[in-house]
Amino acid sequence: MAREITGFSNPLVKRVRSLREKKFRKAEGLFLAEGLRILTEAREEGVLPEMLFHAGSTHPLAADLIAAMEAAGGDVIETTPDILSKISGKDNPQAVVGVYRDRLTPLAKLDRSRADIWIVAQSLRDPGNLGTILRTGDAVGAGGLILIDDCVDPFSVESVRASMGALFTQSITQARWGEFMHWLRQGPGELIGTSLKATHDYQEPRYQSPSFLLVGNEAQGLPESYEAECDLLVKMPMLGKADSLNAAVACAVMAYELLNQKRAGK
């Protein structure tokens with residue numbers, strides 16, 4: 001049954017608002033997602049929020065979400081635009097906000113045979129880049145994103161927003177480098193890194209499946225010791241004055257090269 005909350009001091013409003021901070025997300029195992037597009041994409045993937053807040057939206061997609069939540073016995077809360085703004089931290093909040101259980105997949109439970117392409121990001125710092133990389137993974141049919149070492153929180157409001165729903169189509173795993181390398185070497189998988197020091201053009205090698213595409217930190221790239229453990233290091237031509245691409249852009253270029261080779265049966 002739907003219920004109504006109109007008070008800013010309501011304990012549930014305070015609890016949900018706290019999920020904008022990492023320590024509370026981690027403690028509760030919950031995160032926020034906002035907007036009809038993202039929540040609808042989650043529903044199409046079979047994922048419903050544990051709580052759904054809305055401000056009386058009459059949009060058909062909102063009605064579908066509310067009906068799906070009620071059919072599943074979920075918690076639907078009607079509130080005011082001001083309270084939605086307080087929860088989301090935006091002056092002009094989206095029509096709906098969902099509270100979801102975190103979606104981390106343990107490394108040991110990843111099925112590498114499920115996809116030809118996997119993306120691995122090391123010490124990624126920007127939530128916009130993380131969201132874009134998730135969207136790229138979705139676009140090329142990647143199995144998921146493996147976050148190495150200390151990356152930006154994939155469940156921050158900014159990361160979720162930037163993913164445009166891809167957070168719900170891609171598995172997300174967190175691991176330390178040594179843990180990841182031990183897991184990787186237990187089965188098939190080619191680790192591919194990009195480096196300015198590489199001698200191979202990115203279109204030169206014939207990549208193997210599954211391919212694990214390793215993306216480095218935005219400012220520093222990959223540590224030398226990590227590069228040394230890659231099966232292949234490649235570089236993209238830089239014909240202008242810039243010496244590197246944005247991490248998410250470089251990831252997209254590489255991911256589509258992997259996809260194109262697999263589509264061509266190379």
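The values are calculated or read from the model by the stated rules, or taken from the named source; none is laboratory data. Bear in mind that the values here come from a model prediction, so they are computed numbers and not experimental data. Note that each Cβ is placed from the backbone with ideal geometry, even for glycine, and that neighbours are counted across all protein chains shown. Heavy atoms of the whole protein, side chains included, go into the accessibility calculation; ligands, DNA and RNA do not. Shrake-Rupley method; radii C 1.70, N 1.55, O 1.52, S 1.80 Å.
Across region 65-118, the number of residues qualifying as more than 18 Å from residue 45 (Cα to Cα), assigned to a helix (DSSP H, G or I) and either in contact (Cβ under 8 Å) with a residue 40 or more places away in the chain or open to solvent by less than 10 Å² (accessible area, probe 1.4 Å) (or both) comes to 10.
Every condition in (1) of a type outside the set (D, E, K, R); (2) in contact with a strand residue (DSSP E or B) (Cβ under 9 Å, 6 or more places away or on another chain); (3) on the phi < 0 side of the Ramachandran plot; (4) open to solvent by 20 Å² or more (accessible area, probe 1.4 Å) holds for residue 207 except the one numbered (4). The one condition from (1) outside the structural domain of residue 147 (by the TED database); (2) open to solvent by less than 30 Å² (accessible area, probe 1.4 Å); (3) closer than 17 Å to residue 165 by Cα that residue 129 does not meet is (1). Within region 141-168, the only residue that satisfies the criterion of being touching a Phe, Trp or Tyr at 6+ places or on another chain (Cβ under 7 Å) and open to solvent by 20 Å² or more (accessible area, probe 1.4 Å) is 149. State yes or no: is residue 55 modelled with pLDDT under 90 and touching a helix residue (DSSP H, G or I) at 6+ places or on another chain (Cβ under 6 Å)? For residue 55, the condition - modelled with pLDDT under 90 and touching a helix residue (DSSP H, G or I) at 6+ places or on another chain (Cβ under 6 Å) - is met. Among residues that are over 30 Å from residue 86 (Cβ atoms), buried (at least 17 other Cβ atoms within 10 Å of the Cβ), modelled with pLDDT of 95 or more and out of contact with any strand residue (DSSP E or B) (no Cβ under 7 Å at 6 or more places or on another chain), residue 138 is included.
Kindly establish whether residue 56 is touching a strand residue (DSSP E or B) at 6+ places or on another chain (Cβ under 7 Å), within 24 Å of residue 5 (Cβ to Cβ) and part of a loop (DSSP other than H, G, I, E, B). Criteria met by residue 56.
In region 1-34, what residues are crowded, with 18+ Cβ neighbours inside 10 Å and in contact with a strand residue (DSSP E or B) (Cβ under 7 Å, 6 or more places away or on another chain)? Across region 1-34, the qualifying residues are 16, 19, 25, 30, 31, 32, 33, 34. Modelled with pLDDT of 90 or more, out of contact with any strand residue (DSSP E or B) (no Cβ under 7 Å at 6 or more places or on another chain) and surrounded by 14 or more Cβ atoms within 10 Å (Cβ to Cβ), is that true of residue 38? For residue 38, the condition - modelled with pLDDT of 90 or more, out of contact with any strand residue (DSSP E or B) (no Cβ under 7 Å at 6 or more places or on another chain) and surrounded by 14 or more Cβ atoms within 10 Å (Cβ to Cβ) - is met.
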